[in-house]
Amino acid sequence: MRVKDGERVISKLFTIIELFLINNSVTSDDIVKHTGMSKRSAQRYLKDAMDNMDIKKNDDGSYSLLNKSNMYSIVKRDDSYLTTTLLQYARALFPETRYDAIDKYLTLFNLQNLTSAIQVLETSSINYDKIEQTIEDIEHFVKYKTLKIKFIYIKDNKEKVTSPYKIMFYNGFWYLIGFKDNEEVRAYRIDYIKDISLTGEKSIKISDEAKKMVDNTTSIWFGKEELSVDIELDDYVKEYFIDRPILKNMKIISEEPFVIRVVVYNYMALFMELMPYAPHFKIITPDAKKFFSKRLKEAYENNK
């Protein structure tokens, strides 16, 4: 990840939030003046803010933040890719000098399951400016979800067709999440997407079960059914999991030994989350244990 790019983007985020917290009203010109971004970008930030925060548009064209003291309850963690992503950058780039400020915003936004700072820093993150226009194009189709879209996917140079569902940030990259006709989920890296257009076909009707699966998965690894996994943690890491839970919907089911239960839709998603904590965990659920054993054996064979 380019650190200077990250610092610049975080600075914009903090500036915009502070403008709303300090002033009774904010205009796109105010954002341009204080951040140096283009007016078009300022309007995009305002749109994202209105979608995810309690912000109203005033009669004079300015914007105001309502219920400032209750801000934590109106910023939705999974729905605001902008807020979530930038706070991930913030935690990674400013672990000491901005610790208090970052913690303040994490608390305000009730964000407790962020990607680890090391993971963010070690990932080859895409420069947002290079894909901003593509994201803006996709945002429109995602918002209405009425028609299928098609595009060329540079990774294999093939045309893809999908019913667009959401944009998400994972492990340093931006993805379009879409459904195939059989409700199979696909994640497409946005920096590989070009030549987007409508197909003229209606998007498929997505079941509530499929929506729940996508909305409750924080990675790009999806499945079709809930998988309950019990994990035993040793004393070395258990306090970390208690104080700052890294796994979504984690429940403590035993104190001695310390065992947690999580629900995932794909064992690979759990594998990617847990591996930084090896060898301090033990998978108890048989099917999941078999999956982990196979992956670990493959890793050993490839690196011995």
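Taking the conditions exactly as written (outside the structural domain of R40 (by TED's automatic domain parsing), under 25 Å from L46 (Cα atoms), buried (at least 17 other Cβ atoms within 10 Å of the Cβ) and modelled with pLDDT under 80), does F109 satisfy them or not? So that I can check it myself, show each step before the final result.
Numbers: outside the structural domain of R40 (by TED's automatic domain parsing): no; under 25 Å from L46 (Cα atoms): yes; buried (at least 17 other Cβ atoms within 10 Å of the Cβ): yes; modelled with pLDDT under 80: yes.
So F109 fails the test.
Look at segment 7-64 and say how many of its residues are of a type in the set (K, R), at pLDDT below 85, over 19 Å from Q133 (Cα atoms) and assigned to a helix (DSSP H, G or I).
0
For segment 190-208, check the following and say yes or no: at least one residue is aromatic (F, W, Y) and in the same structural domain as I154 (by TED's automatic domain parsing).
Looking through segment 190-208, at least one residue is aromatic (F, W, Y) and in the same structural domain as I154 (by TED's automatic domain parsing).
If we only count helices (runs of 4 or more DSSP H) wholly inside segment 235-304, which ones have 2 or more residues that are among the hydroxyl-bearing types (S, T, Y)? Show your work before the answer.
Details: elements: 235-243, 267-274, 286-303.
Passing ranges, in order: 235-243, 286-303.
Just for segment 184-226: of the residues that are β-branched (V, I, T) and outside any strand (DSSP E or B), which one is nearest to I149 (Cα to Cα)?
I204
Give the number of residues within segment 257-284 that are touching a residue at least 24 places away in the same chain (Cβ under 8 Å), out of contact with any Ser or Thr (no Cβ under 7 Å at 6 or more places or on another chain) and more than 14 Å from Y240 (Cβ to Cβ).
Matching residues across segment 257-284 total 12.
The values are calculated or read from the model by the stated rules, or taken from the named source; none is laboratory data. As the structure is a prediction and not an experimental result, all values here were calculated from the model. No Cβ is skipped: glycine too gets one built from the backbone with ideal geometry, and neighbour counts run over all protein chains shown.
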